[in-house]
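Notes for the one structure printed next.
The values are calculated or read from the model by the stated rules, or taken from the named source; none is laboratory data. A quick note: this is a predicted structure, and the numbers were derived from the prediction, not measured. Cβ: placed from backbone, ideal geometry, glycine included. Neighbour counts: every protein chain shown. Remember, those area values only see protein heavy atoms, side chains included, never the ligands or the DNA or RNA. Shrake-Rupley method; radii C 1.70, N 1.55, O 1.52, S 1.80 Å.
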Amino acid sequence: MSAAVIDGKAFAAGLRARVAEYAATFEQSAGRKAGLAVVLVGEDPASQVYVASKHKATIECGMASFEYKLPDDTAQDTLIALVDQLNADPMVDGILVQLPLPRHLDEQAVVERIDPAKDVDGLTPVSTGRLALGLPGLVPCTPLGSLMLLKDRLGDLSGLDAVVIGRSILVGKPMAQLLLAQSCTVTIAHSRTKNLAEVVRRADIVVAAVGRPEMVKGDWLKPGATVIDVGINRLPPTEGKPKGRLVGDVDFASAAAVAEAITPVPGGVGPMTIAVLLRNTLVAAHRNAGVPLADGAL
Ligand code: GUN
């Protein structure tokens, strides 16, 4: 292995510590804590784990956490009414509705109902549009965390060739916008892309966000590329690993032999997502309370 392993866990811990400092000064200025509301509908086990860790992390950095757990058969109107209530609540700065929602619910309508000033997930049409226009706004957590790791590693990204594999609303599309805003030459590849390995081989920066275990192989990479692996996939159980091994979308062993730097799974991008959610909540809190926050402070 020759690649440096990018320590997302350590970077996220640093970001959370900065958020905690700013959360304390925010509380002094605003006379209240910054607040995050997380809404979970149903009993999806992975979502339950994510929501529990968001709650714990929010409290740990000195912010208020409001958790709403609704049953699997919650009606669309009930969920919309809850979003309206949170939009109107002055103690709530950020609203996150955990996705995916149960199939009978209209996810897009629920997300669109969130006040863009409280859209800490960056998924509303206003946030998405502002990102595309290059205007300041709230940006989805996982791609913003990935960009922070890239800038920390590479400094100026301008002129670099970036290939984003995956075109999801949550990761692929906003990631491409963020890299474009850094003046990268951006290609979005996806399941219909022809000669994917050849496309990836052009890239100085590869961001893999497809949800296919160990799909990207070392011989797809340009030597010296920087690889951000957003995938979190659980392999089938084996004798040694009864819960199944967690792997990314990149075949780590072969990729690490070719890349200059790579994020591991776990411990790479994963820890960044919650840290950026806390950061976004605090940025929203400053705006919502009219408390100034220096540009680039967080
Ligand atoms: N489910 C998996 N990741 C996310 C995320 O970043 N935001 C929301 N709302 N749901 C998710």
Practice prompt. Specify the residue that is nearest to the chain's Cα centre (by Cα); the eligible residues are those in region 42-64 that are of a type in the set (Val, Ile, Thr) and open to solvent by less than 10 Å² (accessible area, probe 1.4 Å).
Written response: Val51
Worksheet item: Only one residue in Thr74, Thr78 is in a loop (DSSP other than H, G, I, E, B) and over 30 Å from Thr263 (Cα atoms). Which one?
Response: Thr74
Discussion item. Any residue at all in region 72-92 that's hydroxyl-bearing (Ser, Thr, Tyr) and touching a residue at least 24 places away in the same chain (Cβ under 8 Å)?
Written reply: yes
Response to the item:
Taking region 159-171 and keeping only residues that are in a loop (DSSP other than H, G, I, E, B) and open to solvent by less than 60 Å² (accessible area, probe 1.4 Å), one is left with Gly159, Leu160, Gly166, Ser168, Val171
Worksheet item: In this structure, does Thr142 turn out to be within 13 Å of the ligand (Cβ to nearest atom), free of Cβ contacts under 8 Å to residues at least 24 places away in the same chain and in contact with a Leu (Cβ under 9 Å, 6 or more places away or on another chain)?
Response: no
Practice prompt. Give just the number: which of (1) over 28 Å from Arg234 (Cα atoms); (2) part of a helix (DSSP H, G or I) does Leu36 not satisfy?
Written response: (2)
Discussion item. Please pick out the residue among Glu60, Glu67 that is more than 11 Å from the ligand (Cβ to nearest atom), touching a helix residue (DSSP H, G or I) at 6+ places or on another chain (Cβ under 7 Å) and under 27 Å from Glu21 (Cβ atoms).
Written reply: Glu67
Discussion item. Need the failing condition index for Leu138 against (1) in a helix (DSSP H, G or I); (2) farther than 20 Å from Phe252 by Cα; (3) open to solvent by less than 20 Å² (accessible area, probe 1.4 Å), just the number.
Written reply: (1)
Discussion item. At pLDDT 95 or above and more than 27 Å from Asp295 (Cα to Cα): is that true of Arg130 in this structure?
Written reply: no
Discussion item. Six or more apart or on different chains, Cβ atoms under 9 Å: show the pairs whose first residue is in region 261-277 and on the phi > 0 side of the Ramachandran plot and whose second is at pLDDT 95 or above and crowded, with 22+ Cβ neighbours inside 10 Å.
Written reply: Gly267/Gly8
Worksheet item: Hey, among the residues in region 86-112 that are farther than 25 Å from Ile59 by Cβ and more than 11 Å from the ligand (Cβ to nearest atom), which one's surrounded by the fewest Cβ atoms within 10 Å (Cβ to Cβ)?
Response: Arg103
Discussion item. Between Gly145, Gly122, Gly129, which is open to solvent by less than 10 Å² (accessible area, probe 1.4 Å), part of a helix (DSSP H, G or I) and out of contact with any strand residue (DSSP E or B) (no Cβ under 8 Å at 6 or more places or on another chain)?
Written reply: Gly145
Practice prompt. Report the residue count in region 15-25 for those that are more than 21 Å from Gly290 (Cβ to Cβ) and surrounded by 13 or more Cβ atoms within 10 Å (Cβ to Cβ).
Written response: 4
Discussion item. Condition check: closer than 19 Å to Lys118 by Cβ and either of a type outside the set (Ser, Thr, Tyr) or in contact (Cβ under 8 Å) with a residue 12 or more places away in the chain (or both). Does Phe11 satisfy that?
Written reply: no
